[in-house]
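Worksheet for the structure shown next.
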Amino acid sequence: MKVLKFGGSSIADAQRIQTVISIIDPYRSQGVAIVFSAFGGITDALIDVSQHALLGDKDYRVALAAIENRHLDVVRSLVGIRKQGSILAQVKIRMNELEDVLHGVFLVKERTPRTLDYIMSFGERLSAYIIAEVLKDRGIEAEFLDARNVIRTDSNFGNARIDFETTNRNIRRYFEEHKGLQAITGFVGTSESGETTTLGRSGSDYTAAIFAGALQAESLEIWTDVSGMMTADPRMVRKAFTVPQLSYEEAMELSHFGAKVVFPATMQPAMAGKIPIRIKNTFDPEAGGTVISAEVTNGKLIKGVSSMNGISLINVTGSGLVGVVGVSRRLFGTLANEKINVILISQASSEHSICFAIESKYSLRAKVAIEKEFQYEIQNDEMEKVIVENDFAILAVVGEGMKHNPGTSGRMFSALGKNGVNVYAIAQGSSELNISSVVKEVDISKALNALHEAFFLSDRKVLNVFLVGTGLIGKTLLHMINDHYEQLSRENRIEVNVIAVANSRKMLFNEEGLDMDAAVDAMKSAGEPMNMALYTDRMFAMNLPNSVFVDCTSSEQVTEYYESILVASVSIVTPNKKANSSSLAKYKMLKSTAFKRGVRFLYETNVGAGLPVINTMNDLLLSGDKVISIEAVLSGTLNYIFSAFVEGRRFSDVVRDAKVSGFTEPDPRDDLNGMDVARKILILAREAGWDLEPEHITIENLVPSSCRGGMPVDEFMVALAAHDDDFERMRREAGSREEKLRYMAVLKDGKVTIGLVSVDNQHPFYSLSGSDNVILLTTERYHERPMVIRGPGAGAAVTAAGVFADIIRIGHYAK
Ligand code: ADP
Ligand code: ASP
Ligand code: MG
């Protein structure tokens, strides 16, 4: 004999019931017990209607009519016209009974737990009845079994306990006499005094297990709307997958902490009879699903992560708690008397405080009861008032595999830490089957995803990128990520999703990930107005794990948000130099904030575009080397200009050509004034360990003084020609010594100077061409022959590649 159970989600409407019937059909001539929940959402609707009646709201009748119609519709759609009439009449008779009860509630303004149980029972009584009739109509030998006729309980309405002796006897006797398919009401029972009771929300699973236990069924199949028990709630963790096998204990822990596929109590009767429980998907019957059995399979450290919302933390503190025997007994005894279930307890070994978690709906009752129990201690200042904090959730990782296996909690808390999820309380049962921790409810989705990733996809990382700046670099970056997405995911197991893009006017978000190639156009046409404060608020509210903010602007204003971004545990990658080259205090603050929050602040492209300058230098320093001096050509534009400035050409013409070819800033004075080079060398110097401020740098400004200030660009281009002779003189002088002019930044003895220098043909910078950058690092180790880093130091493609590399670096770090 098999027992099957179909949950509310499997029988939410006629179409779904049709699917269920095709699953049941093969059993048409076998004895089988099939337990049904109420049609999806009906139990909630019944509670709601009774609540309205209780509050004297006449409209409860409207809602009741809607409930009635849902049932009538199913009959009309699934039963042949000939038999419809009598079934519709039966449904109406039951609905009238329900209406009478509700009218009573409406009149006396009272709804006892007993009445509520009776009201709720209509859901299952109608669903199982209707489905039995539908089956009969299709020629299946089905019988409707109202479980109230066999399941005997106590009178604990809303959560009745089973009298197994009577129940098992009743069930066995009933099945000896009834051999056909039984369509059974889940959730309901009868008390000794003959009143209708319910077994607690989700109790149909329990009903099914009770039948399975009593009938010593070969298996219990729970049919629901997911393919088994999964590694996490699939609504919260998109990458959750089915766990093929679980032990009873593992399943119990997972469902206890919120994986509601099976109701925890279900396990008991099945477990006692060692009956395997199969979780199957009504909408994908071929999928393997999960088998829950006595078997313990190891191999995986963790089988699942689950969570429970609506938790309050209660703190009881005071000197009176230290070493006093029996305090815990009194405390938890008080809670037990109040029928308040304590979900998790953590007590510091100093015994100065006890902290425990309960469902928020009980928190006020708990506080009042505890303060009453300990009123004398509170009066004598041996104990403080009870502190209640709300809006928490409990996270649990569950698995037999963590027994005696060190490192599980390390992995758990490091994943939470890296994502800025604060842990308020921790508990590990001595069974070592579960580690639970209390976190803020707002963090729960991020925490679940981070844990899921840490335990199940440990070699796979999903990065969530928030991009600001869709100019050349930003756009190139998007295309690059898009082009490499598949390969990165396959070979490096890093997935880079772009969640938001923005320019200075518009912003566009999509939590599921934007289509990268189309994102910029979509943003321009469908984006909302850009506002940096709103953008960051939205990013924080999404609270996604492994979030990376990528700033591809050169805006000072955007950098003002860096601190709050890092504080929110979001990493930053940027080619924007403005943050690191402003005050030393800001530079240091950002670095230390990133460090404290366990996130990264990466800006390799601040200097030399994609050239590996900052990382190389950091590696040297980390391994104990010291930077003695740096000489560098850091402006691709200026290098281009001085490479092209040869015999026979006029300086102003060279600048004009460079401008026309797009190698300069819109105003070439922004290159010639040396400020950009100053920012870069300042950052390098700081990275090398010198505490320098911008004003410590001596800059030779190549813009002749008469051309500075507010003069328009066109005028400047003309005015510059008046100085061609000066530049020509410098060039010739250098040429006479067989030297070349280079605009160089030098850090030496802690001092930075920037200016035009002429170098001889022995100097490594002599042969520089085009827009190359070169950085010469003299360190304690690279002393005789300095290290040279050289290559294209400007351009959207190399810069975007450098930014992309930093993003991937975060992916590796996050693993
Ligand atoms: P039914 O209506 O069949 O009783 P429930 O809604 O009670 O179904 O339970 C199934 C739901 O449980 C799934 O749709 C899923 O959203 C949720 N769920 C939560 N945690 C898990 C998990 N770890 N594995 C599978 N489903 C889960
Ligand atoms: N219908 C009941 C509920 O919604 C029992 C069940 O679905 O298991 O709680
Ligand atoms: Mg359920």
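The values are calculated or read from the model by the stated rules, or taken from the named source; none is laboratory data. All values reported here derive from a predicted model rather than from experimental measurement. Because the Cβ atoms are built from the backbone with ideal geometry, glycine has one as well, and the counts that use them run over all protein chains shown. Protein only, heavy atoms only, side chains kept; ligands, DNA and RNA dropped before computing areas. Shrake-Rupley method; radii C 1.70, N 1.55, O 1.52, S 1.80 Å.
Count, please, the residues in segment 553-576 that happen to be within 16 Å of ALA609 (Cα to Cα) and in a loop (DSSP other than H, G, I, E, B). First the steps, then the outcome.
Looking only at segment 553-576, we keep the residues that are within 16 Å of ALA609 (Cα to Cα), and these are 553-554, 573-576.
Still in the running and in a loop (DSSP other than H, G, I, E, B): 553-554, 574-576.
Matching residues across segment 553-576 total 5.
Of the residues in segment 285-303, how many are crowded, with 19+ Cβ neighbours inside 10 Å and either modelled with pLDDT under 90 or of a type in the set (S, T, N, Q) (or both)? Final tally of qualifying residues: 4. Within this structure, MET589 fails the test of being in a helix (DSSP H, G or I) and open to solvent by less than 50 Å² (accessible area, probe 1.4 Å).
Residues of segment 261-284 include at least one that is within 16 Å of ligand 2 (Cβ to nearest atom), more than 27 Å from PHE175 (Cα to Cα) and either crowded, with 19+ Cβ neighbours inside 10 Å or more than 32 Å from the chain's Cα centre (by Cα) (or both). The residue that is nearest to ligand 2 (Cβ to nearest atom), counting only those in segment 182-202 that are touching a helix residue (DSSP H, G or I) at 6+ places or on another chain (Cβ under 8 Å) and modelled with pLDDT under 95, is ARG201. Whenever a residue of segment 1-16 is β-branched (Val, Ile, Thr), its partners that are open to solvent by 10 Å² or more (accessible area, probe 1.4 Å), lying with C-beta atoms within less than 8 angstrom and at least six residues away or across chains, give the pairs VAL3/LEU215; VAL3/GLU221; ILE11/SER37; ILE11/GLY40. Restricting attention to segment 2-29 and to residues that are within 12 Å of LEU181 (Cα to Cα) and more than 15 Å from ligand 2 (Cβ to nearest atom), the residue that is farthest from the chain's Cα centre (by Cα) turns out to be SER29. With respect to (1) within 16 Å of ligand 2 (Cβ to nearest atom); (2) closer than 30 Å to GLU133 by Cβ; (3) open to solvent by less than 30 Å² (accessible area, probe 1.4 Å), the lone exception for SER255 is condition (2). When GLU400, GLU382, GLU373, GLU389 are screened for being open to solvent by less than 50 Å² (accessible area, probe 1.4 Å) and either in contact with a Leu (Cβ under 6 Å, 6 or more places away or on another chain) or not small (Gly, Ala, Ser) (or both), only GLU400 passes. Of the numbered criteria (1) in contact with a strand residue (DSSP E or B) (Cβ under 6 Å, 6 or more places away or on another chain); (2) part of a loop (DSSP other than H, G, I, E, B), the one ALA579 fails is (1). For segment 280-294, residues that are small (Gly, Ala, Ser) and either under 17 Å from GLN18 (Cβ atoms) or within 14 Å of ligand 1 (Cβ to nearest atom) (or both) total 3. Does any residue in segment 214-241 that is within 23 Å of LEU448 (Cβ to Cβ) come within less than 9 Å, Cβ to Cβ, of a residue that is of a type in the set (Lys, Arg) and near ligand 1 (Cβ under 7 Å from one of its atoms) six or more places away or on a different chain, and which pairs are these? These pairs meet every condition: ASP233/LYS260. Evaluating VAL646 against the criteria (1) more than 25 Å from THR753 (Cβ to Cβ); (2) part of a helix (DSSP H, G or I); (3) over 41 Å from the mean Cα position of the chain (by Cα) leaves one unmet condition, (2). Candidates VAL91, VAL35, VAL62: the one that is touching a residue at least 40 places away in the same chain (Cβ under 8 Å) and either of a type outside the set (Asp, Glu) or within 16 Å of ligand 1 (Cβ to nearest atom) (or both) is VAL35.
PRO612 satisfies every condition listed in (1) open to solvent by less than 50 Å² (accessible area, probe 1.4 Å); (2) part of a loop (DSSP other than H, G, I, E, B) except (1).
Could you tell me which of the residues ALA796, ALA801 is at pLDDT below 90, within 21 Å of GLY636 (Cα to Cα) and of a type in the set (Gly, Ala, Ser)?
Values: ALA801 fails: at pLDDT below 90.
None of the others qualify; the one that does is ALA796.
Among the strands (runs of 3 or more DSSP E) confined to segment 122-227, the ones with at least 2 residues that are open to solvent by 10 Å² or more (accessible area, probe 1.4 Å) and away from ligand 1 (no atom under 16 Å from the Cβ) are located at 142-145.
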